[in-house]
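Below: the structure, in structure tokens.
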Amino acid sequence: MDDFAIDESIDITDVVCPVTFVKAKVALEELEEGQVLSIRLNDGEPVQNVPRSIKEEGHRIIKLADNGDGTYNLIVKKVENQGET
Amino acid sequence: MAFSNEQLERYSRHIILQEVGAKGQKKLMDAKVLIIGAGGLGAPAALYLAAAGVGTIGIADADEVDLSNLQRQVIHSTPDVGKAKVLSAKESMNAINPEVTVNTYQEFVDASNITDLIADYDFIIDGTDNFPAKFLINDACVLSKKPFSHAGIIRFKGQLMTYVPGAGPCYRCVFREPPPPEAVPTCRQAGVIGAIGGIIGSLQAMETVKFIIGKGDLLTGSLLTYDALKMEFRKIKLPKAKNCAVCGESPSILKPFDYEQAVCKL
């Protein structure tokens with residue numbers, strides 16, 4: 001497992017699809033390349049879809065930790081998108 | 001600038017797009033677009049740009065809503081008949097998106113006011129219905145170095161092109177000057193199918209959005225024509241004219257001027 005320091009944290013347990021991903025995406029856009037975002041998200045649809053969507057944007061998933069209370073913490077490292085022109 | 005939860009939800013389908021994202025949405029929210037003509041073309045363009053969250057939208061039109069407008073000018077409703085078009089348009093735009101600042105100009109756009117009018121805007125949409133206005137908008141935008149979207153619709157046909165300073169031809173490069181008045185069909189003879197305005201005006205909104213977010217290819221150097229009856233789109237490549245009277249090497253048009261307007265009263 002990578003060593004990482006969390007630069008920013010967000011909580012998306014209060015919103016539903018697609019605002020879950022939108023909030024995560026906006027938070028990532030505001031980070032610098034290589035910075036790390038921690039995202040608290042709900043079990044079920046969010047945990048199934050948000051990590052996948054973030055991966056599709058080219059970012060690196062470092063870790064998904066089960067908080068044991070129906071929520072997870074997703075740790076993501078920002079990767080500047082090469083495909084973006 | 002941070003987005004509110006409500007903004008994240010309103011613009012979620014934009015922000016999700018890789019080509020837009022939060023950055024693109026912010027560009028839209030900071031953008032200023034002027035729409036000249038609140039008619040068949042201006043109506044869909046204004047509605048889509050307001051919905052998209054373009055921060056400031058100016059709309060210029062001297063007319064009032066007429067019952068015969070409603071067949072195609074979807075921004076106006078039956079209770080708006082008799083109301084200033086710019087006011088009716090503003091109400092519809094703000095009903096869709098109260099965040100958008102709508103500036104209204106209830107005046108004829110001519111050589112005396114167009115330069116001041118376009119000065120505050122990043123992009124201009126030509127939604128007018130006559131040749132003198134189209135040449136006026138072209139000349140003023142070229143001279144003020146403003147990008148704009150030209151479009152025209154008649155019967156079942158429409159066309160559009162995009163001018164960006166320094167990239168490709170202007171409208172006058174392609175069409176030189178207005179046709180003689182007797183060659184232009186009168187309003188009575190012409191007619192226009194309502195949805196053609198929806199198609200071409202929406203394409204103008206699309207060009208505007210792409211220009212603002214800086215993604216994709218614009219219709220610079222190309223005229224897109226659409227024939228609804230044949231269901232055919234054609235994209236015609238067009239060069240810049242070296243001898244163009246306004247954007248050529250030795251231009252003779254140095255300030256906007258008005259052609260005489262053919263009078264049409266039904």
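Nothing in this text is a laboratory measurement; each read-out follows from the coordinates by a stated rule. These figures come from a predicted structure and were not determined experimentally. Because the Cβ atoms are built from the backbone with ideal geometry, glycine has one as well, and the counts that use them run over all protein chains shown.
Of note:
- Interchain or long-range residues, amide H under 5 Å from residue A:40's placed H: A:10, A:11, A:12, A:74
- Value in Å of the Kirkwood radius, where chain B supplies the Cα pairs that are averaged: 18.8 Å
- Inter-chain Cβ neighbour average for residues A:17-23, partner chain, 10 Å: 6
- Alpha-carbon geometry of the protein assembly as shown: the Rg and the Dmax are 23.8, 80 Å, given in that order.
- Taking a ≥ b ≥ c as the square roots of the eigenvalues of the alpha carbon gyration tensor, segment A:8-77 is prolate, as a/c is not under 1.5 and a/b beats b/c.
- Beta bridge orientation in segment B:12-237: antiparallel %, DSSP, nearest 5: 55 percent
- Stokes-Einstein, applied to the Kirkwood radius of segment B:88-221 over Cα pairs at a viscosity of 0.692 mPa s and 37 °C, places its translational diffusion at 204 µm² s⁻¹.
- Size descriptor, Kirkwood hydrodynamic radius, that averages inverse alpha-carbon separations across segment B:132-180, Å: 11.3 Å
- Loop-located trypsin sites (Lys or Arg not before Pro) across segment B:154-224 with a Cβ neighbour count of 13 or fewer within 10 Å are B:176, with loop assigned by DSSP.
- GNM flexibility winner over chain B from B:229, B:49, B:143 (Cα, springs under 10 Å): B:229
- Comparing A:14, A:69, A:43 in a Gaussian network model of chain A, where Cα atoms under 10 Å apart are tied by springs, the biggest mean-square fluctuation is seen for A:69.
- Prolate/oblate/rounded call for segment B:56-134, Cα gyration tensor, a/c under 1.5 rounded: oblate
- Potential lengthening between residue B:6 and residue B:259 on full extension [0.36 nm per residue; Cα-Cα distance subtracted]: 86.3 nm
- Shape category assigned to segment B:5-160 from the gyration tensor of Cα positions, a/c cut at 1.5: oblate
- Projecting label points 7 angstrom from Cα along Cα→Cβ for residue B:227 and residue B:111 puts them 3.7 nm apart.
- Top of B:198, B:21, B:39 by mean-square fluctuation, Gaussian network on chain B, Cα under 10 Å: B:21
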